[in-house]
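Below is one structure; the comments refer to it alone.
The values are calculated or read from the model by the stated rules, or taken from the named source; none is laboratory data. All values derive from a computational prediction rather than experimental measurement. A quick note on method: Cβ atoms are made from the backbone with ideal geometry, for glycine too, and the neighbour counts reach across all protein chains shown.
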Amino acid sequence: MGPAPTEEARLARLVRAHDRWRGKSVLNLLPSENALSPTARKYLSSDLAGRYTLPLDSEFDGEHLDNSYGGTRYTDAIEKLGNDAAQRLFHGRFATTRPLSGHIAALSALAPLLPRGSKLLAIPPSDGGYDGYAPGFIPALLGYEVRPLPATGPGGQLDADAAVAEIRRERPNAVLLGQSFFLFPYPLKAIAEAAHAIGALVLYDASHVLGLIAGGQFQDPLREGADVMFGSTHKSFPGPQGGILVTDREELFQQIDPALVWRVFDNAHWNRIASLAQTLLEMERVGGEYAKTVVDNSRALARAVHDAGLPAVAEAQGFTASHQVLLDRAAVRARHGVGVGALARRWERQRLITDLVGRLGTGEVTRLGLTPSDMPRLADLLVRAGPGRQKVGAEVLAWRRQFPTLRFA
Ligand SMILES: Cc1ncc(COP(=O)(O)O)c(C=O)c1O
């Protein structure tokens, strides 16, 4: 026996093992994740990873400073390339790629726009809304009252008349849209008209559907009436983990942008921003085809799992218009005597990665190169490995190996 491995050697082995497993040996159906293009991934480990920059316009000890840090000659241009691409893709004249995550992008919009004591209307987690907007989380931190905007349709859809009635009844300061279980676009025009009529803002959390919006699918929030759109850059949008914010309203951006640094964060992680800029530029080039294939794949996967014995919600509505398929948890349990969490554990042992709450996402498998004609085979593997408890891991691995090169990159 040789010497005991050092902690560093163990760490290296763990990272290598993770990369081999999650990067090369499974099919990933998590709707919150995606695969970075090789160039976007390369920029994450560029020299930018350790650098600071803080553009400013101020006096210090009698000198005028345009940055707190030296050595920043390239960072401004990198940031501008990303911001310009974001403005073009999402149809707003103002954008920032600085928020460090989707959650922080939400804080970045909410804190400067809405004072303590403001009232929000937000979709509750029980209807697929984001947990961060539930009363104990962001509203508790920022001192807001939050009232539920019920999403009552199959799969958590907003009904236009019900939403408008709720806005008129509650008279909130802002309507906060967006879901973690997000299948269908919102009736934004009607919601925005009702909100603006009482002076309320419409804030659109696009965390889950940003990649679809970038590709011209799902909906076009800023053109349909949302005042500010923000979200994560790594779910259906295949960028690095991080956040983004876009608006077409200059007076709102002038409140938001100067309040980011020193309130919500300081350094904005410039390797991430270079990687995000690269992904935004890639999406300008190939995002339309990517987003369409993602949605086609979701619809095909929903149809296939539903027909193969794993019931999915919203059949009458075509199952989904996003990157997500939502299993009908009660129907799955009634049919197979097992919950979706236990099925997810079985799937994981057979190299099929999902979350434990019944969502299946098609972003990453679309990047690998799967198309709608592959979805019946994927559904068959899920059924055999899940309710059927069959060992399909070798078959999944062989299939995964047929897709060595990312598409849309
Ligand atoms: C709707 C929604 N908003 C915000 C977030 C938070 O995103 P992040 O993990 O990028 O902070 C999530 C996370 O899943 C989400 O589903």
* When you look at A206, is it under 18 Å from E33 (Cβ atoms), assigned by TED's automatic domain parsing to the domain that holds L81 and touching a Pro at 6+ places or on another chain (Cβ under 9 Å), yes or no? -> yes
* Selection from segment 45-63 of residues that are in a helix (DSSP H, G or I) and acidic (D, E) -> D47
* Name the pairs: first residue in segment 381-406 and under 22 Å from A35 (Cα atoms), second residue among the acidic types (D, E), Cβ to Cβ under 8 Å, at least 6 apart or on different chains? -> L381/E395
* To do: Confirm whether H234 is farther than 18 Å from L201 by Cβ and buried (at least 24 other Cβ atoms within 10 Å of the Cβ).
  => yes
* **Residues (more than 16 Å from the ligand (Cβ to nearest atom) and within 21 Å of the chain's Cα centre (by Cα)) located in segment 257-279** => W270, N271, A274, A277, Q278
* Residue under evaluation D66, criteria (1) in a helix (DSSP H, G or I); (2) over 23 Å from T279 (Cβ atoms), criterion not met -> (1)
* Identify all residues within segment 203-226 that are touching a Leu at 6+ places or on another chain (Cβ under 7 Å) and either surrounded by fewer than 24 Cβ atoms within 10 Å (Cβ to Cβ) or among the aromatic types (F, W, Y) (or both); write none if there are none. => Y204, F218, Q219, E224, G225
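Residues are listed down the side, and each one gets a yes or a no for (1) within 16 Å of the ligand (Cβ to nearest atom); (2) farther than 30 Å from T366 by Cβ:
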position	(1), (2)
S45	no, no
E59	no, yes
D66	no, yes
Q87	no, no
I104	yes, no
* Keeping to segment 282-327, report how many residues are in contact with a Leu (Cβ under 7 Å, 6 or more places away or on another chain), surrounded by fewer than 20 Cβ atoms within 10 Å (Cβ to Cβ) and polar (S, T, N, Q). => 0
* Asked: Yes or no: H196 surrounded by fewer than 19 Cβ atoms within 10 Å (Cβ to Cβ) and either touching a Gly at 6+ places or on another chain (Cβ under 6 Å) or assigned by TED's automatic domain parsing to the domain that holds G92 (or both)?
  -> yes
* **Selection count, segment 116-134, where residues are in contact with a Leu (Cβ under 9 Å, 6 or more places away or on another chain) and over 26 Å from G155 (Cα atoms)** => 2
* Are any of the residues in segment 151-165 within 16 Å of the ligand (Cβ to nearest atom), more than 24 Å from P185 (Cα to Cα), out of contact with any Gly (no Cβ under 7 Å at 6 or more places or on another chain) and at pLDDT 95 or above? -> no
* Could you grab the pairs with beta carbons closer than 7 Å, sequence gap of 6+ or different chains, first residue in segment 201-216 and farther than 12 Å from G102 by Cα and touching a residue at least 12 places away in the same chain (Cβ under 8 Å), second one basic (K, R) and more than 15 Å from the ligand (Cβ to nearest atom)? => G215/K292
* Enumerated helices (runs of 4 or more DSSP H) restricted to segment 80-186, each holding at least 2 residues that are touching a Ser or Thr at 6+ places or on another chain (Cβ under 8 Å) and touching a residue at least 60 places away in the same chain (Cβ under 8 Å) -> 102-113
* **Only listed residue being in contact (Cβ under 8 Å) with a residue 40 or more places away in the chain and either in contact with a Gly (Cβ under 7 Å, 6 or more places away or on another chain) or not aromatic (F, W, Y) (or both), chosen from E7, E63, E59, E33** => E33
* Asked: In the list S298, S236, which residue meets the criterion of being within 16 Å of the ligand (Cβ to nearest atom) and either at pLDDT below 95 or in contact with a His (Cβ under 7 Å, 6 or more places away or on another chain) (or both)?
  -> S236
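Is it fair to say S68 is within 26 Å of V286 (Cβ to Cβ) and either exposed (fewer than 14 other Cβ atoms within 10 Å of the Cβ) or more than 24 Å from the chain's Cα centre (by Cα) (or both)? Step through it out loud before you land on a result.
Working: within 26 Å of V286 (Cβ to Cβ): no; either exposed (fewer than 14 other Cβ atoms within 10 Å of the Cβ) or more than 24 Å from the chain's Cα centre (by Cα) (or both): yes.
Judged against the criteria, S68 is not a match.
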* List the number of the failed condition for K80; all other conditions in (1) more than 24 Å from V209 (Cβ to Cβ); (2) in contact with a strand residue (DSSP E or B) (Cβ under 8 Å, 6 or more places away or on another chain) hold. => (2)
